[in-house]
Amino acid sequence: MPNLRTKSVRIPTLIFEKSQSGRIGVNLPQADTPKVNVNEAIGNTRETFHFPEVSELEVMRHFVNLSHINYGIETGFYPLGSCTMKYNPRINETTASFTGFRNIHPMQPDYTVPGALEVLASVYDILKEVTGFDEIAMQPVAGAHGEMTCLMLIKAYHDSRGEGDKRRIVLVPDSAHGTNPASAARCGYDVKTIPTGPDGDCDMEALAAALDDTVAAFMVTNPSTLALFERNISKICQMVHAVGGQVFCDGANMNAMVGTTRPGDHGFDCMHLNLHKTFSTPHGGGGPGCGAIGLQKHLEPFTPSPALIRVNGKATLDHNRPQSIGRVSSFYGQFLMAVRALTYLLAYGKERMSDISRYSVLNANYVRARLKEVLPPAHDRPCMHECVLTAKKYKQNGVRALDISKRLIDYGFHPPTNYFPLIVPECLMIEPTETESKQTLDDFCDALIKICHEAETNPDILHEAPSTQVVGRLDEAKAVKNLDVRWHPSTITESV
Ligand SMILES: *Cc1c(COP(=O)(O)O)cnc(C)c1O
């Protein structure tokens, strides 16, 4: 059973507050150059820069203690919907740290790195098979970057057919991730929203009404952000193609399909993948990620340059791409992400690949079924790899989805995604992933059921949550508008 965390966390002191004049943490070797008086050269360092003066042990304790109040996939369950926070197997890190991979320089001539090119080409080969696309490219360094690259390919394709000026509109469902309209707008397109029908599928009549020869593309997330498989997907692709448009698949939810079904077979022209979601490479704080893209043959001439191709089976970089959109990142994207993803793909192997999607869908449906009474699903049909629930019935007690999420922190769990997709009121989006056990899912569901009971009997507890952390509720608007995470000398209590 879930228990409230009772151990209170000590508020960590700043490293500046540990500072004692004259204390040092390093032994510098004897200088073999003439001595320079630093204070004379750049001013009194102590007064000007206020560097903390601490011993090595104090520095070590400071950062280790900070790491203990961090929360990550390695400390607990992380059901953040749409993010696929699955376990990143250690073996991925082992291979990514091989010196042969780690120490190569991106400016080495191609012929000195055949092994690295083979790694990239092997990932391409497997991803082609997994997605059903003709080609893969791995320069984009994030999912959103992959989306934008796909739209650049689509634009180049329409331009090459003399239709670039006419096709100005990109259609995006109202359930889409914010990066979709942003990518379209960034490529100079006008964005038009397509509503979702009451059953959670795309509103086919609204789509038909929006389709004409001004449409450049439709961006579809499948499974959708409502965690539902878009049942009309092949029909949708046919309808868009019939007016000369292209269909892009937002592949952030690929975890529900790996080894089971292939977007390339559904009729899509291109898609992006998040290697840092589906293929177990780490989610960086803003990077490094990898937004690999898959594309069909007709988009291949425009793919980012240099393109990785096989000539007589040998992986080679092709720099001669006259129709290419050019580079979308320096060098070849995040190479070590390719090493990690390849390790993961080979560790699973072709036979077990479908375990990823089958267990992630099973886990999400288990959570959905266990929570049905307290947090009903937004749509009453089986979900894919995550479940989208609504907490709207607690609104009458003054409890919002955010309060439930904050209370989960007191029970030791990372909250799910809140208020996304935007079209679901008081939305909680839970993605357990395939790497969690039934025991963990049960503990999490038990905690949520308890919290929903509290929402009815003692809503104030939820409003005050979290109460077991270093900080409680933040004024989020103020944090965005007046963010100040710097230490200022005036904030110090004792003079240094
Ligand atoms: C995560 C996500 C993206 C963007 O991916 P990043 O790697 O964060 O840029 C796009 N669409 C959906 C549905 C997502 O969940």
### Message
Testing R167 on (1) in contact with a Cys (Cβ under 8 Å, 6 or more places away or on another chain); (2) among the basic types (K, R); (3) surrounded by 23 or more Cβ atoms within 10 Å (Cβ to Cβ), one condition comes back false. Which one is that?
### Response
(1)
## Note on the structure
Of L317, L336, the only residue that is within 18 Å of the chain's Cα centre (by Cα) and either more than 16 Å from the ligand (Cβ to nearest atom) or in a helix (DSSP H, G or I) (or both) is L336
## Note on the structure
Restricted to segment 142-155 and to residues being in contact with a helix residue (DSSP H, G or I) (Cβ under 7 Å, 6 or more places away or on another chain) and open to solvent by 20 Å² or more (accessible area, probe 1.4 Å), the residue farthest from the ligand (Cβ to nearest atom) is M148
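Here is a yes/no grid of residues against (1) closer than 30 Å to F331 by Cβ; (2) modelled with pLDDT under 90; (3) within 28 Å of the chain's Cα centre (by Cα); (4) open to solvent by less than 50 Å² (accessible area, probe 1.4 Å):
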| position | (1), (2), (3), (4) |
| --- | --- |
| S21 | no, yes, no, no |
| A31 | no, yes, no, no |
| N39 | no, yes, no, no |
| I73 | yes, no, yes, yes |
| P79 | no, no, yes, yes |
| P89 | yes, no, yes, yes |
| L117 | yes, no, yes, yes |
### Message
Looking at segment 172-189, I want the residues that are basic (K, R) and have a partner that is more than 9 Å from the ligand (Cβ to nearest atom) with Cβ atoms under 7 Å, at least 6 apart or on another chain. Which pairs are those?
### Response
R186/M148
#### Entry: Counted residues, segment 203-248 - those being more than 26 Å from the chain's Cα centre (by Cα), closer than 17 Å to H266 by Cβ and among the polar types (S, T, N, Q)
3
### Task
Go through (1) more than 30 Å from K350 (Cβ to Cβ); (2) within 15 Å of the ligand (Cβ to nearest atom); (3) not in a helix (DSSP H, G or I) and name the single condition N180 misses.
(3)
### Query
L345 fails exactly one of the following numbered conditions: (1) within 16 Å of the ligand (Cβ to nearest atom); (2) under 19 Å from G259 (Cβ atoms); (3) not hydroxyl-bearing (S, T, Y). What is the number of that condition?
(1)
### Task
Take segment 400-417 and flag every residue that is touching a Ser or Thr at 6+ places or on another chain (Cβ under 7 Å) and polar (S, T, N, Q).
T417
#### Entry: Qualifying residues in segment 299-316 (those that are aliphatic (A, V, I, L, M) and out of contact with any Phe, Trp or Tyr (no Cβ under 8 Å at 6 or more places or on another chain)) - the one most open to solvent (accessible area, probe 1.4 Å)
V311
### Task
Considering only segment 255-290, state which residues are within 10 Å of the ligand (Cβ to nearest atom) and at pLDDT 95 or above.
H272, L273, N274, L275, H276, K277
### Message
Could you check segment 255-274 and list, in sequence order, the residues that are of a type in the set (A, V, I, L, M) and either surrounded by fewer than 19 Cβ atoms within 10 Å (Cβ to Cβ) or over 18 Å from N180 (Cα atoms) (or both)?
### Response
A256, M257, V258
### Positions within segment 354-371 being hydrophobic (A, V, I, L, M, F, W, C) and surrounded by 17 or more Cβ atoms within 10 Å (Cβ to Cβ), in sequence order
I356, V361, A364, V367, L371
### Query
Which residue pairs have Cβ atoms under 6 Å apart, sit 6 or more places apart or on different chains, and have a first residue in segment 353-378 that is farther than 19 Å from N255 by Cβ and a second that is open to solvent by 30 Å² or more (accessible area, probe 1.4 Å)?
V374/I449
### Query
Can you name every residue in segment 63-93 that is more than 16 Å from the ligand (Cβ to nearest atom), without any contact (Cβ under 8 Å) to a residue 24 or more places away in the chain and either in contact with an Asp or Glu (Cβ under 9 Å, 6 or more places away or on another chain) or not acidic (D, E) (or both)?
F63, V64, S67, H68, N70, G72, T75, R90
### Task
From T95, T33, T48, grab the single residue that is farther than 30 Å from L273 by Cα, outside any loop (DSSP other than H, G, I, E, B) and not aliphatic (A, V, I, L, M).
T48
### Task
Determine if segment 324-333 includes at least one residue that is within 25 Å of C83 (Cβ to Cβ) and at pLDDT below 95.
yes
### Message
Just to be sure I understand, how many residues within segment 211-225 are open to solvent by 10 Å² or more (accessible area, probe 1.4 Å) and away from the ligand (no atom under 11 Å from the Cβ)?
### Response
4
### Task
Evaluate the following for D174: is it within 16 Å of the ligand (Cβ to nearest atom), of a type in the set (D, E, K, R) and in contact with a Pro (Cβ under 6 Å, 6 or more places away or on another chain)?
yes
### All positions within segment 229-254 that are within 16 Å of the ligand (Cβ to nearest atom) and crowded, with 23+ Cβ neighbours inside 10 Å
V247, F248, C249, D250, G251, A252, N253, M254
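The values are calculated or read from the model by the stated rules, or taken from the named source; none is laboratory data. Small disclaimer: the values here were computed from a predicted structure and weren't measured. Using ideal geometry, Cβ is built from the backbone for each residue, glycine included, and neighbour counts are taken over all protein chains shown. Ligands, DNA and RNA are excluded from the accessible area calculation, which covers all protein heavy atoms including side chains. Shrake-Rupley method; radii C 1.70, N 1.55, O 1.52, S 1.80 Å.
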